[in-house]
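Quick notes on the structure that follows.
The values are calculated or read from the model by the stated rules, or taken from the named source; none is laboratory data. Predicted, not measured: the structure shown is a model, and the values here were computed from it. Here the Cβ positions follow ideal geometry from the backbone for every residue, glycine too, while neighbour counts run over all protein chains shown.
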């Protein structure tokens, strides 16, 4: 089940880890890298292709009121996204080595960040007193940042925020 389908979670943002398709990790490499980050991270629904290469995983971080859906993509969609990012990022003054790395990408990991709003409501305030400001105060991107760093190290890729056109 995708975290999008879980009413306890709200999607907050998506990041990409852009890389070469030849740098696609195995599911066991991803599992080892993510499990080593924090013993409170829960890995769910690990999926691999027939050759044992990584397809997808959901990482739940209850202490951060967060979940991450991570999935692998390659092909025309990635090529189009990379071309668009390079075009946008050229105009924003991204350094040339990062731009070159992005332009060479033929695959990506989509890292979708979700906030556990149900747990946050239960632990922070009563439902009657809850509002969007409370939700923003509880939003903690630390799990996302740690996972992005580990995936970049594992794949030799580069993390990009596609909404802002910046690297992480």
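Considered as a group, the residues in the range 148-168 that are in a loop (DSSP other than H, G, I, E, B) and over 15 Å from residue 81 (Cβ atoms) include one that is modelled with the lowest pLDDT, and that residue is 168.
Here residue 51 fulfils each of the conditions (1) in contact with a helix residue (DSSP H, G or I) (Cβ under 9 Å, 6 or more places away or on another chain); (2) outside any helix (DSSP H, G or I); (3) surrounded by fewer than 17 Cβ atoms within 10 Å (Cβ to Cβ) apart from (1). Please enumerate the residues belonging to the range 62-98 that are modelled with pLDDT of 95 or more and touching a helix residue (DSSP H, G or I) at 6+ places or on another chain (Cβ under 7 Å). Result: 67, 68, 69, 74, 82. Across the range 108-147, the qualifying residues are those that are assigned to a loop (DSSP other than H, G, I, E, B), modelled with pLDDT under 85 and in contact with a helix residue (DSSP H, G or I) (Cβ under 9 Å, 6 or more places away or on another chain), and the one among them that is surrounded by the most Cβ atoms within 10 Å (Cβ to Cβ) is 139. Those residues that are in contact (Cβ under 8 Å) with a residue 24 or more places away in the chain and surrounded by 14 or more Cβ atoms within 10 Å (Cβ to Cβ), I need them from the range 24-48; list them, please. Listed by number, the residues that qualify are 24, 25, 26, 27, 29, 30, 31, 33, 34, 37, 38, 41.
Here's the yes/no breakdown for (1) closer than 20 Å to residue 114 by Cβ; (2) within 14 Å of the chain's Cα centre (by Cα):
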{"site": "7", "(1), (2)": "yes, no"}
{"site": "14", "(1), (2)": "yes, yes"}
{"site": "17", "(1), (2)": "yes, yes"}
{"site": "25", "(1), (2)": "no, no"}
{"site": "29", "(1), (2)": "no, no"}
{"site": "35", "(1), (2)": "yes, no"}
{"site": "39", "(1), (2)": "no, no"}
